Amino acid sequence: MRRVWLMLLVLALLMPLCALGEEPAETFWGYFDRIVYIRPEAGSDVSLGFIPAETPVELTPMDERFARVKYDGKEGCVYYVGVRDLPEDTPVTPYAAYLPSAKYLFAHPMDRAESLLTIPAETPVTVTASVGKFLRITALGREGYVYAHDTADMAALKESPANTELYSEAAVTARVYPLKNAEKAFDLEPGRVYVADAVCNGHYRVTLAGQIGYVSAGDMARSRVSGKTVRVGVIGPETPVFSAAEAGTACANPLETEELALLESQGNGFYKIKDQPLYVHVNDVVSYVVQLHQGQRLQTLTQAEVRAMPTGEAECIAIQDADQVYLAEYSVEGWYLLRVNGQWGFMEKKPEEVSALRVDGTLMRTAAKVTEDAQLFTDEGEKIDLPAGTALFLLQSAGRFYGCTAGEHTGLVAKDKVKILGNDTELTAYSISTPTDLAVMDFPDAALGGEGFTVPAGEPMKVTGFNRCYLMVEYAGQTGYAPQQGLVTEESRGLPATEDVPDYALVLDKSTLMAYAFEKKEDGELGKLVICAKVGIGKATTPTPSGTFTLGKKERWHRFPRTYTPHTTEYVRARFIHGWPCAGKSEARVSNYLVATGRVTGGCLRSPFEFARWVYMNCPSYATELTVVNGGFQAPENAETLQVY
C-alpha cells in the first residue's frame, strides 16, 4: 500500500513538468455541420450564443473535446468533436477573368464565410484555384474566394471591327482590358484624334506607342468636325503631302519646320490643309479636334510658352512676353489654340500666366491719339506698330486695353499709350447751311484728321453732336467733323473754342452740397477753379456713393420714370450728373417734381443747368474723374464768386 502511495506521489510531481514541456495547442480553421453552442467554460450549461451550421470558425483546442473559439463578438469554448476541415483548393493555371457585377470577396470558400470587401462591377481578377462552387482569386491587392458562377472568362469578351476616328474633350484613361475598373494602360490627350481598330464591351481599342488600351465609348466622340469644332494637325517638313486626295499625287512639301495647320475635310483617307491645295494622309499626322470660340481674347500676365501640341512635353515654339494680347479662336481642355507670329500654337491655361481678357463695357466712340510708340493687337491675331501721334477711335474698355480702330484695322491698344481727346456726344439735332463750301474732316483734330467730304455752299446739313471743339455733321449719308464757325446755335453753344482743352477734375463735397470743376496741373494736383454749384445728392435710402469715379456715357436727355434730365453724364452705374428734371425735353419746363423732393435725389448729382451743361461739353468721358467726399474739402478762396445756383 505504501508503495502505491509513493508511485502516486511521484506521478503528481512529474505531471507539471510534463505539462511545461508540451507545445501550445495549434489553432486551425474548420466548420460544423450542426449548430454548436458557445459556453463560458467546458461543461457549463450557460449559452453565450451559437455558431450556425457550415460556418467557418477559428478553433484553439483545449483538450480532446473542447476548444476555445471567438465568433460574432462572443468568446468561449465549444464541444468540437465532429468538426470538419475546410474544403481544400485545387490549384489551376492562373488565368484572367472579371466580375460582370459587384460581388463579395469571401475569406473562405463557404457560403457563411466572412466578406473581406466588395469588388466593383467590371473589375479584372486573376483566378488561381478552384474549390467546389468557389474560385480563389486575386483582386484589388487581396486574395479570397468568389462564386464561380459570378465570374466570366476574359477570353469571352469578343471584339468587333471598328476603324473609327475618335477624340475626347477631356483627358481620358485607357485601360488594359475593356472594363471600367481595369488597370490603367495610358492617358489619352484631350482633343487628340485616335483610330479605334476594334470595339468590345462598350469600349474602343486604341494603340499608342505600341501599347494597346481600351477606352469607354461614353468618354469619346466621333472626330467628325462640326460647326463647333475644328481639326488641327501637326505637319513637319518630312510629312508626305499630296496635290489631291489620292496616293499617287505626292508633291513637294513647302514646310521648312514642323508646325500646326488647320485641316478642313477628310476624304479617301486624306485631310485637306486649309487655304492650301495640299492634302496629307490621316496616318501621317497627329491631329486634334479643338473647340471653336467666338473670338476670345487673351492677355499674358507673365512670360508664357507656346507649344506645338497641347502637352507639357511638346516642343516650345515661342515664348511670349507679358502684356501681349491674342485672339484665341479655339481651345482644348487646358490649352488655347492661337496664332502667334503667323504660326499656330498651344498656350496652356495657367491663371498665373494668361487670362481671358475681360471686357468692361462699350464706350461712346472716342477720339484719341497714341502718345508713344505702341502696338495694335488686331482681331486677326496680328500685331501692328502704331507710331506716336496715330489717330484712334476707342470703342471698348477691356482691362488695361482699349478696343479701337486705327485706320482700316480693329484691335486692342494699351491704355497707358493713349490720350483721350474727346467723345462723339449727342446734341438735339438741327439743320443749318453755310454761305461757302464747308470742308468736313474724318477725325476731330486739325493735325490728325484727314479729308472727309465737302458740303457745298447753301446745302443744308444736320448737326447731330460734337467732339471737343468740332461739330458732328451729316450730309448725303456721310458723317464727319467741322469747325464751329457759322454752325453754332443755342443748342450747341458753350463748346470749347479750340482743340487745346485742359484736363479737368470734378469734386463733390456731400457735407456742403457743393460740386466743383478744376483744371488739373501737370502733376495731377487741382489747379484753377472753373465752375462750381450747389447740388442735390442722394437720400439715406439711395445715397450718392463716395469715392473716385470716371465719367462714362453721356445723353442729351435721360429718361427717368416721370421726367427727363438734360446734359446727363453717368459717373457710376445708374448714377448721373444732370441738370434740373424737366417735364419734357425742354429746359423751359422744369418739373414740379422738384417742389416735392427739393435737393434730395435717388443717388444722382442734380445740378443747375449751367453746371451740368459745362460738364457735358468740356469733360471727356473715360478721362475725367469725379471725387466724392463726405466732408472736409477745402474749397478755393474764389469758389463763392463762381457759384451757379
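The values are calculated or read from the model by the stated rules, or taken from the named source; none is laboratory data. None of these values were measured; they are calculated from a predicted model. Backbone-built Cβ (ideal geometry, glycine too); neighbour counts: all protein chains shown.
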Scan of segment 43-83 for residues that are exposed (fewer than 11 other Cβ atoms within 10 Å of the Cβ) and at pLDDT 95 or above, ordered by number: none
Looking at segment 141-200, what strands (runs of 3 or more DSSP E) fall wholly within it and have at least 2 residues that are in contact (Cβ under 8 Å) with a residue 40 or more places away in the chain? 142-147, 160-167, 172-175, 194-200
Quick one: which residue in G407, G399 is outside the structural domain of V289 (by TED's automatic domain parsing), more than 24 Å from the chain's Cα centre (by Cα), of a type in the set (G, A, S) and at positive phi? G407
Does segment 461-478 include one or more residues that are modelled with pLDDT under 95, touching a strand residue (DSSP E or B) at 6+ places or on another chain (Cβ under 8 Å) and polar (S, T, N, Q)? no
Only one of E264, E313 is in a loop (DSSP other than H, G, I, E, B) and either among the small types (G, A, S) or more than 19 Å from L412 (Cα to Cα) (or both). Can you tell me which? E313
Would you tally the residues in segment 390-401 being out of contact with any Gly (no Cβ under 8 Å at 6 or more places or on another chain) and modelled with pLDDT under 95? 4
Residue check: is V615 at pLDDT 90 or above and either surrounded by fewer than 17 Cβ atoms within 10 Å (Cβ to Cβ) or among the hydrophobic types (A, V, I, L, M, F, W, C) (or both)? yes
Suppose we filter T601, T568, T542, T563 for residues that are out of contact with any Ser or Thr (no Cβ under 6 Å at 6 or more places or on another chain), in the same structural domain as Y516 (by TED's automatic domain parsing), polar (S, T, N, Q) and within 27 Å of T464 (Cβ to Cβ); which single one remains? T568
The one condition G213 fails out of (1) of a type in the set (G, A, S); (2) more than 29 Å from the chain's Cα centre (by Cα); (3) exposed (fewer than 15 other Cβ atoms within 10 Å of the Cβ) is (3)
Might you let me know whether segment 462-481 holds any residue that is in a loop (DSSP other than H, G, I, E, B) and surrounded by fewer than 17 Cβ atoms within 10 Å (Cβ to Cβ)? yes
For segment 240-261, how many residues meet the condition of being closer than 19 Å to E165 by Cβ, among the small types (G, A, S) and not in a loop (DSSP other than H, G, I, E, B)? 1
Of the residues that make up segment 201-209, is at least one assigned to a loop (DSSP other than H, G, I, E, B), at pLDDT 90 or above and touching a Gly at 6+ places or on another chain (Cβ under 9 Å)? yes
Given the conditions (1) within 23 Å of A623 (Cβ to Cβ); (2) surrounded by fewer than 18 Cβ atoms within 10 Å (Cβ to Cβ), which single one is not true for F453? (1)
If we keep only residues of segment 177-210 that are surrounded by 20 or more Cβ atoms within 10 Å (Cβ to Cβ) and of a type in the set (S, T, Y), then the residue farthest from E348 (Cα to Cα) is Y177
Tell me whether segment 337-348 contains one or more residues that are of a type in the set (A, V, I, L, M), modelled with pLDDT of 90 or more and not in a strand (DSSP E or B). no
Being farther than 20 Å from A314 by Cα and among the charged types (D, E, K, R) is the filter; apply it to segment 251-296 and report the residue that is modelled with the highest pLDDT. K272
Here the residues within segment 509-565 that are among the polar types (S, T, N, Q) and either surrounded by 20 or more Cβ atoms within 10 Å (Cβ to Cβ) or under 22 Å from C582 (Cα atoms) (or both) are T542, T544, T563, T565
Among I432, I420, which is the only one that is surrounded by fewer than 17 Cβ atoms within 10 Å (Cβ to Cβ), within 30 Å of V455 (Cα to Cα) and among the hydrophobic types (A, V, I, L, M, F, W, C)? I432
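Results for (1) assigned to a strand (DSSP E or B); (2) under 12 Å from C604 (Cβ atoms), shown as yes or no for each residue.
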position	(1), (2)
Y516	yes, no
D523	no, no
G527	yes, no
T568	yes, yes
S586	no, no
Consider M364 against the criteria (1) under 20 Å from V306 (Cα atoms); (2) outside any loop (DSSP other than H, G, I, E, B): it satisfies all of them except one. Which criterion is unmet? (1)
Failed criterion for P387 (all others in (1) loosely packed, with under 15 Cβ neighbours inside 10 Å; (2) under 30 Å from V455 (Cα atoms); (3) not hydroxyl-bearing (S, T, Y) hold): (2)
